[in-house]
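Reading through the structure tokens given below for one structure.
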Amino acid sequence: MEPQFSVDSSLSVDVVLPPSAGPRAQNHGPVFEEQPSSLIYPEGLTEGKVILSCQARASPAASYRWLVNGTEVPLGLDLRYTLVAGSLVISSPESVRDTGSYQCLAINRCGTIVSKAASVKFGYLNDFPTDSRSPQTAYEGAGTFLACRPPPHYPALSYRWFINEFPNFLKNEKSDGRWFVSQVTGNLYLAKAEQNDTGNYFCFTTINMDISTNPRKSTPSIKVRFPAETYRLAGQTAQLECFAYGNPVPKLRWRKVDGLLPAKSGSSVEGPTLTLPDLSFDDEGIYECEAYNSQGSDPQWLQVMSDSEVEISSELLWSCIAAGKPKPSVRWLRNGQSITRLKISNLALEDSGMYQCVAENKHGTIYSSAELRVQVQAPDFRLNPVRKLIPAARGGQVKIECRPRAAPKPSLFWSRGTELLTNSSRVTVAPDGVLSILNISRADEGKYTCFAENYLGKANSTGHLSVRDATKITLAPSNADINQGENVSLQCHAAHDPTMDLSFKGVSICENIGDLIILNAQLSQAGVYTCTAQTVVDSASAVAKLVVRGPPGPPGGLLVKNVAETSVELRWSRGYDNHSPIGKYVIRGRWALSSQWRQMRTEPSNIEGNAESARVIGLMPWMDYEFQVIASNILGSGEPSMASHTVRTQQAAPTVAPSGLGGGGGDRHELIITWTPMAREYQNGDGFGYILAFKRTEAPTWTTLKIPQVDSSRYVYYNDSLSPYSPFVVKIRAYNCRGEGPFSQIAVVHSAEEGDSCPHAAMFAVPRKGQYNTTITALVKVSLLLLKQSPPWDRWIRYWRQHEREAAADRVRTLGQETSARVSGLRPSTRYHVAVLAYNSAGTGPSSPRTTVTTRKPPPNRRPGNISWRTDDAWVTVRWDHVMALHNESAVLGYKVLYKHEGQSTLKVLDKSRSTVKLLLPKDNSYVVLEIRSWGEGGDGPAHEIIVSRDSGEDPHQFSTASMATVGQMLVLELCETVFDG
């Protein structure tokens, strides 16, 4: 069987015209509004009824008859048959007597039509045999099946199985896919038998009587089409879509009309979406989608006949064309009776009636009907007389129609007064009766009469031709050339016959003036304008061209080529110059860390108006950029081009050194070195880190080490032999996968001071791990040297930012024996100086040496997202998306999962390094409350709270909470007192 195809290579629109809404003749033949449908009736249901619908509109109203298997149904003779309106009702239907094919006939005096055939069949389902079956043995781990052996039935059954007792039905989804019930044979298949599968199995069948005809087969019909033209930039991805209706479901395949399909299209060449990645100029061309299936289809009308009124003695040639697979045959009915062909010559009155064409193949039958009316009538002008007054312009032309009603067609001729008109160079009488007169003059005025005659009679109709002065343009509009935003007036004056009204198309007029005024003209208003002055008899026109000059249009086809470390090449095509030469181009760009468009440096620095390429320089390596081009002329700058696709510049070694190098403080034997982490725009490549070099001031060699973390901002060097407050010189450089950058300037940093030997010394130590609900950015230990028997002095802790004056420092007070203080409200990622002073009633003592500390970056301000979980017996596994830190946030080192069971008052804490956790569910049906948050050096992020129960498949109570998130940055300072004699 040949497959059916539907091919679409361009965009098309199908327009369906509705039936005429105009009034029909007073009398018309039947037209079906409802036809019978096939049905299946349960056998043995003797108290029911079968109803076959039939309804037709007709004037006069139709009467109805019914055929079963071609024989008339004995309405009125068999009381089981009843006619309700046009529908046939069969009471107490029986399979032996009432099975068959039924058709409805609708009849009135205009003719008869026959409905489509509808079958009545009877369904049944016998009982299973009563004999029992022998037990069936299966081996554990092996597959087996149980046969249903359904009883005789019609139509098809649906099958289910239950085990041991009703309604314990087998459900495949709860058996790990081991069970399968065939809906063809009813057999039950078991992939792997297990010990607990032992039992009594029952085959359960059901039948659906609500069945009409088989699904309609149809050839493919493409419904989703791709645009006739698709544009993409080189390097982008194009997707073309195509989808088709059809039964069976059509298959789709793509081809390139003017060449081979690109290999990169892969498996998408046989699917609804053709994907072409990484486009190049070789991919340009015409692509075609083809939909096909291999099955037959019901007949479908391609052309049908329509109601016709024709005159007597003429010829009728109706045609019907149907499509289908296999190709349907077509036959004809007249008033319900078969005729051999539908071509009638010399039509007579008795040929009037109802005609039907019937198309049929093995999949179905379709009907189309139409009414034929054969007309006979003497000529009659009452419905369409010649116009009484016919105005015409001098020097122009006129056409006068003559269209009487008549059947057969009448002979037509014209006269002017008593003069019979014949064809000449100026006067023509067409076969359809239209009288044409050219180059009209005043002498042509007068009465014109049309005469019509056939063998049934004669008639005539007269009109008066009045000749008027012609309309003329007396002042034609002039061409205009203006700049955008200016005003313009296009003048247009005309002369006309004073007995008629004059109008100008599209504008208001003052006497004979039809000037067109355009205010604040825009580029879109440029073009050719036509001034048309018209009366009811003629018109006159004049044209003028309006040029609107303005800034250039946007350049097109912007491409990025030759991407280097700090430069790229741009190419574009000229846009419209809008009638003013392009003077120059400007290139703008934006990058990943900035949403604002900025003018870029270029080579050449000034891009002339005839250029179509330029090089953008001064870019940052390893950065994502977009570009646009703007053209300008003496009238201003135009709209920017579409943005280019995003490109990333090549990687390069770092070109600047880290800043903020310093340090100091710490515990005994420590040297702490700090610096400011480099921002993303200075990293220039991946594999980024720092190279730190330090040595004692008098040492000949440097100690060098690599620190591979991009966010690192400090390094602690520990050595037991390190003397207190020893000076070191330090320097730092950045590196990435492409090389090393320059060293920073040398800074001097001192090792930690010795707390027991230096009055008011201060040492800093960083905690290894933050405490729950606290973001600890620095821990400060201050050792105070006090006199023996001294009173418990109070202290002031002073702190200020690195670039502030000490005089502007903030203070925190500690009382008596307190050895710690909490400083809050600090800025993240900021260097602070700290000093401690003791005081009593006699005044304030000297300050301790200042110490410097850098606060941590804040934690990510985002809760873990996309949380999902799955329960398995007594456990629940929860997963979430990893929280990615931004460049100005501290890195995520892990997650804190807080949980409690229903009824518990305290939360338990789990630290997880991965974004998944497995928890034990409570044995009862209670629920578990979880909070999940990220943590790192900067503290804890905001929490995501969920509620999980054993029987929940989704999270109906999911909400977020920030009640446990850290607010601000803080320092925790510990003050340690040391007492000595003297």
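Taking chymotrypsin sites (Phe, Trp or Tyr not before Pro) across region 365-470, the ones in a DSSP loop with at most 15 further Cβ atoms lying within 10 angstrom of their Cβ are 455. Site pair residue 536 and residue 861 shows an inter-label distance of 7.7 nm when each label is modelled 7 Å from Cα along Cα→Cβ. A cut-off under 13 angstrom between Cβ atoms defines the neighbours of residue 659, and their net charge, with Lys, Arg +1 and Asp, Glu -1, is +3.
Taking K and R as +1 and D and E as -1, what net charge do the other residues with C-beta under 15 Å from the C-beta of residue 674 add up to? Taking every Cβ under 15 Å from that of residue 674, the sum is +4. Taking the protein heavy atoms of region 377-468 in the context of the full set of protein chains, the accessible area attributed to carbon and sulfur is 51 percent at 1.4 Å. For region 144-207, the fraction of 1.4 Å probe accessible surface lying on carbon and sulfur atoms is 54 percent.
For region 316-325, backbone phi angles converted through the Karplus equation (6.51, -1.76, 1.60; θ = phi - 60°) give residue-by-residue couplings of 10, 9, 8, 9, 10, 10, 10, 10, x, 9 Hz, Gly and Pro being listed as x.
Rounded to the nearest 20 debye, the dipole size of region 472-549 about its Cα centre is 260 debye, using +1 on the Cβ of Lys and Arg and -1 on the Cβ of Asp and Glu.
Since only 487, 475, 517 are under comparison, the one whose Cα sits farthest along the positive direction of the charge dipole of region 472-549, derived from C-beta charges on Lys, Arg, Asp and Glu, is 487. Compared with the alpha-carbon gap, the fully stretched path from residue 726 to residue 280 is longer by 154.1 nm at 0.36 nm per residue. Averaged per residue, region 265-323 has 51 square angstrom of accessible surface, using a 1.4 angstrom probe with ligands and nucleic acids left out.
Bridgeable aspartates and glutamates around residue 192 (alpha carbons under 18 Å apart, same-chain partners fewer than 8 residues away excluded): 140, 173, 176.
Ordering 562, 634, 621 by Cα displacement along the dipole of region 556-649 toward the positive end leaves 621 in first place; charges were set at the Cβ atoms of Lys, Arg (+1) and Asp, Glu (-1).
For the pair residue 49 and residue 260 in one chain, pulling the backbone fully straight at 0.36 nm per residue adds 69.6 nm over the alpha carbon distance.
A crude spin-label estimate for the pair residue 394 and residue 466, with each label 7 Å from Cα along the Cβ direction, gives 1.6 nm. In the context of the full set of protein chains, region 28-122 has a per residue accessible area of 47 Å² (1.4 Å probe). In this label model, residue 109 and residue 803 are separated by 10.6 nm, measuring between points 7 Å along each Cα→Cβ vector. Looking at region 556-649, the accessible area is 51 square angstrom per residue; that uses a 1.4 Å probe and ignores ligands, DNA and RNA.
Would you mind checking the pairs 388/409; 116/362; 388/447; 695/731 and listing those with alpha carbons more than 18 angstrom apart? From 388/409; 116/362; 388/447; 695/731, over 18 Å: 388/409. Using the Cα coordinates of region 377-468, the gyration tensor eigenvalues translate into equivalent-ellipsoid semi-axes of 24, 13, 10 Å, sorted from longest to shortest. If R0 equals 35 Å, the separation of the Cβ atoms of residue 72 and residue 329 corresponds to a calculated FRET efficiency of about 0.85. For residue 478 and residue 166, the difference between the fully extended length at 0.36 nm per residue and the C-alpha to C-alpha distance is 102.8 nm. Atom-type composition of the exposed protein surface of region 224-292 places 53 percent of the accessible area on carbon and sulfur (1.4 angstrom probe). Rounded to the nearest 20 debye, the dipole size of region 616-737 about its Cα centre is 420 debye, using +1 on the Cβ of Lys and Arg and -1 on the Cβ of Asp and Glu.
Rounded to the nearest 20, the Cβ-based charge dipole of region 224-292 about its Cα centre (Lys and Arg +1, Asp and Glu -1) stands at 240 debye.
The values are calculated or read from the model by the stated rules, or taken from the named source; none is laboratory data. This structure is a prediction, so every number in the text was calculated from the model and none was measured. A quick note on method: Cβ atoms are made from the backbone with ideal geometry, for glycine too, and the neighbour counts reach across all protein chains shown. The accessibility values were calculated without ligands, DNA or RNA, using every heavy atom of the protein model including side chains. Shrake-Rupley method; radii C 1.70, N 1.55, O 1.52, S 1.80 Å.
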